[in-house]
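**Q** Sharing a structure with you now.
The values are calculated or read from the model by the stated rules, or taken from the named source; none is laboratory data. Everything quoted here is computed from the prediction, not taken from an experiment. We place every Cβ from the backbone using ideal geometry, glycine too, and count neighbours over all the protein chains shown.
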Amino acid sequence: MKIRLARLTATALWVTAVGAGLGGCSNSGASTVPQVVAAAYPFTFVAEQVGRDFIEVRNLTSPGVEPHDVELPPQQLADLSDADLIIVEGGFQPAVDDGLEQIAPTGEVIDVAEIVTLQNAVSNTDTLDPHIWLDPQRMAVVTEVVADRVASLTPEHVGEIRANARRLIEALEQLDAAYTTGLAECARRTFVTSHAAFGYLASRYNLEMVSVSGLDPTLEPSPAEQAAIADTVTREGVTTIFTETLVSPAVAETIADETGARVRTLDPIEGLTEESSDETYLTLMRDNLAALREANGCS
Ligand SMILES: [Zn+2]
């Protein structure tokens with residue numbers, strides 16, 4: 001703790017000195033602003049929205065990589081150990097949990113699993129579901145905590161950080177309202193997804209999620225499980241089997257073929273792909289709402 005406080009003070013003094021003495025003409029760039037490392041895209045998004053130009057944010061999960069099974073090469077472990085602030089969610093990415101234990105970081109660690117209420121996975125009631133970012137209300141809680149910590153790293157920009165956080169929280173509140181209204185009146189409440197990422201979204205907006213592969217995107221269902229999903233699709237009149245951007249659609253496509261359902265994308269927003277790099281958490285959540293409304297016949 002003593003080391004951490006000393007480090008924070010030194011960072012704050014250095015930033016203040018640069019601000020007072022050199023104005024905006026520092027070209028060494030990265031080293032003058034607090035370094036934030038986030039373990040996956042949704043937390044990177046929050047940190048960037050809140051900190052803007054006053055911090056530098058690195059995402060441990062590269063674009064196109066499925067973050068559940070991310071692996072951390074030595075350079076990324078070094079980033080973790082040098083970071084002023086680290087945002088992770090314990091239990092979501094085993095390699096990140098292990099990495100943090102190995103390096104004992106000097107910067108502060110926000111564990112998202114400790115600041116929002118977790119619920120059990122729909123597909124496996126013994127396991128906590130990590131996909132909290134698909135609930136805008138939980139994302140607002142994460143935003144508040146991240147803003148507090150970022151403000152303490154950049155004391156001279158507290159006002160701007162608070163204003164950025166307020167803007168993001170307002171956008172999340174509008175998103176939550178759009179989901180509540182948009183999914184209120186639907187012909188069906190069951191939706192079928194690739195992996196079980198949408199449990200928080202389903203509970204928040206009173207939908208029923210059936211997943212092809214459970215919590216782990218790399219697991220494939222047994223033939224019996226696959227047949228049970230196909231039965232549900234037929235029985236409930238499900239029109240659409242949702243696939244996602246970072247895992248193979250093969251099993252979902254097979255079920256769609258068997259049942260006559262169509263295949264569409266519902267993005268679990270665990271990471272951006274190269275093609276979706278212009279999108280943000282907020283635009284992808286809007287796309288997901290439109291896809292759910294169409295699939296479930298919502299008015
Ligand atoms: Zn997932």
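**Q** Among the residues of the range 213-238, what is the count of those that are under 24 Å from Arg138 (Cβ atoms) and in contact (Cβ under 8 Å) with a residue 40 or more places away in the chain?
**A** 4
**Q** Please determine whether any residue of the range 177-188 is assigned to a helix (DSSP H, G or I), of a type in the set (Phe, Trp, Tyr) and under 21 Å from Ala140 (Cα atoms).
**A** Yes.
**Q** Within the bounds of the range 218-228, is there any residue that is closer than 20 Å to Ala291 by Cα, out of contact with any strand residue (DSSP E or B) (no Cβ under 6 Å at 6 or more places or on another chain) and of a type in the set (Gly, Ala, Ser)?
**A** no
**Q** Taking the options Gln76, Gln137, Gln102, Gln93, name whichever one is in contact (Cβ under 8 Å) with a residue 12 or more places away in the chain, under 16 Å from the mean Cα position of the chain (by Cα) and more than 16 Å from the ligand (Cβ to nearest atom).
**A** Only one candidate qualifies: Gln137.
**Q** Kindly indicate whether Ala163 is closer than 23 Å to Leu282 by Cα, within 16 Å of the ligand (Cβ to nearest atom) and not aromatic (Phe, Trp, Tyr).
**A** Criteria not met by Ala163.
**Q** Considering every residue within the range 152-159, establish whether at least one is touching a residue at least 40 places away in the same chain (Cβ under 8 Å), within 16 Å of the ligand (Cβ to nearest atom) and in contact with a Pro (Cβ under 9 Å, 6 or more places away or on another chain).
**A** There is no residue in the range 152-159 that is touching a residue at least 40 places away in the same chain (Cβ under 8 Å), within 16 Å of the ligand (Cβ to nearest atom) and in contact with a Pro (Cβ under 9 Å, 6 or more places away or on another chain).
**Q** Any residue in the range 273-294 that is in contact with a strand residue (DSSP E or B) (Cβ under 7 Å, 6 or more places away or on another chain), loosely packed, with under 14 Cβ neighbours inside 10 Å and outside the structural domain of Asn120 (by TED's automatic domain parsing)?
**A** no
**Q** Suppose the filter is among the aromatic types (Phe, Trp, Tyr), within 16 Å of the ligand (Cβ to nearest atom), surrounded by 14 or more Cβ atoms within 10 Å (Cβ to Cβ) and touching a residue at least 12 places away in the same chain (Cβ under 8 Å); does Tyr205 pass it?
**A** no
**Q** Okay, moving on. Somewhere in the range 134-157, is a residue farther than 20 Å from Asp176 by Cβ, crowded, with 20+ Cβ neighbours inside 10 Å and among the charged types (D, E, K, R)?
**A** Yes, some residue in the range 134-157 is farther than 20 Å from Asp176 by Cβ, crowded, with 20+ Cβ neighbours inside 10 Å and among the charged types (D, E, K, R).
**Q** Take residues that are closer than 26 Å to Phe43 by Cα and tell me which of the helices (runs of 4 or more DSSP H) falling wholly in the range 194-299 contain 3 or more.
**A** Counting at least 3 such residues, we get 199-204, 281-295.
**Q** Which of (1) within 14 Å of Ala196 (Cα to Cα); (2) modelled with pLDDT under 95 is the odd one out, the single condition Ser248 does not satisfy?
**A** Result: Ser248 fails condition (1) only.
**Q** Something else about it: Hey, can you tell me all the residues within the range 222-252 that are within 16 Å of the ligand (Cβ to nearest atom) and not charged (D, E, K, R)?
**A** Phe242, Thr243, Thr245, Leu246, Val247, Ser248, Pro249, Val251, Ala252
**Q** Filter the range 80-90 down to residues that are under 26 Å from Val141 (Cβ atoms) and away from the ligand (no atom under 16 Å from the Cβ), then give me how many there are.
**A** 6
**Q** Moving to a separate point now. Got a sec? Which of Asn120, Asn124 is within 19 Å of Glu270 (Cα to Cα), surrounded by fewer than 16 Cβ atoms within 10 Å (Cβ to Cβ) and within 16 Å of the ligand (Cβ to nearest atom)?
**A** Asn120
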